[in-house]
1. I'd like to know if segment 56-68 contains one or more residues that are within 16 Å of ligand 1 (Cβ to nearest atom) and surrounded by fewer than 19 Cβ atoms within 10 Å (Cβ to Cβ).
2. Scan segment 152-175 residue by residue and report those that are surrounded by fewer than 17 Cβ atoms within 10 Å (Cβ to Cβ), within 11 Å of ligand 1 (Cβ to nearest atom) and charged (D, E, K, R).
3. Which one is modelled with the lowest pLDDT, of the residues in segment 163-196 that are within 14 Å of ligand 2 (Cβ to nearest atom) and polar (S, T, N, Q)?
4. Being within 15 Å of ligand 1 (Cβ to nearest atom) and under 12 Å from TYR177 (Cβ atoms) is the filter here; which residues of segment 123-135 pass it?
5. Condition (residue is of a type in the set (S, T, N, Q), in contact with a helix residue (DSSP H, G or I) (Cβ under 9 Å, 6 or more places away or on another chain), more than 12 Å from ligand 2 (Cβ to nearest atom) and closer than 22 Å to PRO60 by Cα) applied to segment 83-91: is it met by at least one residue?
6. With the requirement that a residue be away from ligand 2 (no atom under 16 Å from the Cβ), free of Cβ contacts under 8 Å to residues at least 40 places away in the same chain and in contact with a helix residue (DSSP H, G or I) (Cβ under 7 Å, 6 or more places away or on another chain), what does segment 114-155 give you?
7. So, ALA79, is that one part of a helix (DSSP H, G or I) and within 13 Å of THR172 (Cα to Cα) or not?
Amino acid sequence: MDFNQRIEASEDGEKVHLYATVIIPPAGPGSSGVSTVSGETRASAGGDEGAALQVQGYRPVAGLGYYKFHALPLTWYGALKTCYTEAAQLAVIGSEAEAAALRRLFQEHPSVPGAHYDYAAFMGASDLEHEGVYVTVDDVPLQDAGYLRWQDGQPNNYGRGDSPGQDCIAMTRQAEYFDVECYIKLPFICERRLDG
Ligand SMILES: [Ca+2]
Ligand SMILES: [Ca+2]
């Protein structure tokens, strides 16, 4: 930090002006820790990056990645965009271990003010492209993502006919999926995976 000082005489005495210059390292590609390895974008688990992610509110889960529960409810698109701007993605459950981690994360928010449902968080999957065909935000068929557990009676595309239907995926507190309208507002979880 640099200080500059200027003294100015005036009728009611002397005024001292202090100027401070604060240099903050820029947040950019270099600081995000995302590097390109053989054509794929991967998040490394490097110490610096881990520290930077935790400053952003991301929580490490051993062997899986970094996760952030966003308690300010947004639409599915808003959630998608928010994760993207954090160089992360809307979470998709890839294993029982990850389901358990997300259940624990959700438990830390027993109520979510402003959420359409108190028991649901948006996940990174939809059938926006083709009705009934669920794909992840990485464009992987949801049934190939490593974990797929639907709530009883779901997905049901409820309301199709007099509404756009339900094309976005949310998880319950028990880490069961169900389809909901994309325009409702829910909390959501962003993830930065260790393995890309
Ligand atoms: Ca649907
Ligand atoms: Ca549904």
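The values are calculated or read from the model by the stated rules, or taken from the named source; none is laboratory data. Predicted model only: the values in this text are computed from it and were never measured. Every residue, glycine among them, receives a Cβ derived from its backbone with ideal geometry; neighbour counts consider all protein chains shown.
1. no
2. ARG160
3. Residue satisfying both the conditions and the ranking: SER163.
4. Within segment 123-135, MET123, ALA125, SER126, ASP127, TYR134 qualify.
5. yes
6. VAL135
7. no
Residue-by-condition table, conditions (1) modelled with pLDDT of 50 or more; (2) of a type in the set (Phe, Trp, Tyr); (3) out of contact with any Cys (no Cβ under 9 Å at 6 or more places or on another chain):
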site	(1), (2), (3)
THR21	no, no, yes
VAL37	no, no, yes
GLN56	yes, no, yes
ALA62	yes, no, yes
LYS68	yes, no, no
TRP76	yes, yes, no
THR85	yes, no, yes
SER95	yes, no, yes
